[in-house]
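These notes concern the structure reproduced below.
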Amino acid sequence: MAFVSLINKAKNLSWSFNKDVAIRFQTEALQHIPDYHRVINLCIEVANHFLSTQARILEVGSARGYTLKLLSKAGYLNITGVESSPDMIKGCYHSDRVILSEKIPVGNWEMILMNWTLHFIHEKEDYLKSVYNALSPDGILIITDKMNQSPETEILYNKFKIDNGVSLEVIEKKKKSLQGVLTTRPIDWYLSVLSALNFKEISIINARLGFITIMAKKG
């Protein structure tokens with residue numbers, strides 16, 4: 001999830017996945033990401049249904065390794081994370097399985113998980129193309145992003161954060177710090193680009209407050 005460094009080349013951007021963010025990451029994820037646990041469990045459910053425990057699974061933006069931990073607990077043996085923040089990797093679960101890189105590792109991955117990561121990458125279409133190329137034939141992609149929110153949805157999203165103990169001051173401060181760092185697109189953009197890249201069986205499998213999870217297969 002720390003692929004923000006791909007677009008954080010300019011000086012003085014206030015948000016980065018540094019040591020301070022890494023320390024509080026898991027708590028902040030629960031406070032700011034609707035259906036955080038639900039989406040991760042859904043990824044494992046999809047893997048359980050369509051893959052063997054020998055399948056090669058890659059998590060893009062593996063952060064503190066929480067998803068890798070749950071995949072390992074579920075019996076998956078060939079799991080790899082790729083993460084661009086050294087601070088995130090330090091002390092994370094299964095750090096020995098995490099590659100420090102801004103690029104997709106080459107390989108016939110049978111599943112690629114990309115949850116809450118692409119919205120930190122400006123060259124989204126090019127990155128999705130590299131994801132497509134790295135998948136095995138009929139490989140599965142699951143991607144979750146914060147997408148464009150209507151004003152009404154943003155109000156409900158802020159209420160979600162307040163209900164999880166986040167103050168209005170913190171909400172406004174984080175919103176300002178993420179300007180130009182986290183960039184959203186409408187859901188139609190994702191469906192159109194995935195289709196143009198020759199993904200098939202593209203489906204929305206979870207959605208809440210503008211955070212949408214899409215599953216697709218390599219065509």
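The values are calculated or read from the model by the stated rules, or taken from the named source; none is laboratory data. All values derive from a computational prediction rather than experimental measurement. Every residue, glycine among them, receives a Cβ derived from its backbone with ideal geometry; neighbour counts consider all protein chains shown. With ligands, DNA and RNA removed, areas are computed over all heavy atoms of the protein, side chains included. Shrake-Rupley method; radii C 1.70, N 1.55, O 1.52, S 1.80 Å.
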>> Could you check the stretch 21-45 and list, in sequence order, the residues that are in contact (Cβ under 8 Å) with a residue 60 or more places away in the chain and open to solvent by 80 Å² or more (accessible area, probe 1.4 Å)?
In response: Arg38
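Of all residues being among the aliphatic types (A, V, I, L, M) and in a helix (DSSP H, G or I) in the stretch 143-171, which is farthest from Ile112 (Cα to Cα)? Just the residue, please. So that I can check it myself, show each step before the final result.
We begin by selecting, within the stretch 143-171, every residue among the aliphatic types (A, V, I, L, M); these are 143, 147, 155-156, 162, 166, 168, 170-171.
Filter once more, keeping what is in a helix (DSSP H, G or I): 155-156, 162, 168, 170-171.
Working: Ile155: 32, Leu156: 30, Ile162: 32, Leu168: 35, Val170: 32, Ile171: 31 Å.
Across the stretch 143-171, the extreme among qualifying residues is Leu168.
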>> Please go through the stretch 59-87 and give me each residue that is under 13 Å from the mean Cα position of the chain (by Cα) and of a type in the set (Val, Ile, Thr), ordered by number.
In response: Val60, Thr67, Val82
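Name the one entry in Tyr127, Tyr132 that is at negative phi, in a helix (DSSP H, G or I), surrounded by 16 or more Cβ atoms within 10 Å (Cβ to Cβ) and in contact with a helix residue (DSSP H, G or I) (Cβ under 7 Å, 6 or more places away or on another chain).
Working: Tyr132 fails: in contact with a helix residue (DSSP H, G or I) (Cβ under 7 Å, 6 or more places away or on another chain).
After applying the criteria, what remains is Tyr127.
Looking only at the stretch 46-58, filter to residues that are of a type outside the set (Val, Ile, Thr) and open to solvent by less than 10 Å² (accessible area, probe 1.4 Å); which one of those is nearest to the chain's Cα centre (by Cα)?
So in the stretch 46-58, the residues of a type outside the set (Val, Ile, Thr) come out as 47-52, 54-56, 58.
From what's left, open to solvent by less than 10 Å² (accessible area, probe 1.4 Å): 47, 55, 58.
Details: Ala47: 16, Ala55: 20, Leu58: 12 Å.
If we take residues in the stretch 46-58 being of a type outside the set (Val, Ile, Thr) and open to solvent by less than 10 Å² (accessible area, probe 1.4 Å), then Leu58 is nearest to the chain's Cα centre (by Cα).
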> Quick check, is Ile202 under 18 Å from Pro34 (Cβ atoms), in a strand (DSSP E or B), at pLDDT 95 or above and not acidic (Asp, Glu)?
Replying inline: no
> Counting only residues that are open to solvent by 20 Å² or more (accessible area, probe 1.4 Å) and without any contact (Cβ under 8 Å) to a residue 40 or more places away in the chain, how many does the stretch 151-173 have?
Replying inline: 13
> Looking only at the stretch 66-81, which residues are among the hydroxyl-bearing types (Ser, Thr, Tyr) and open to solvent by 30 Å² or more (accessible area, probe 1.4 Å)?
Replying inline: Tyr66, Ser72
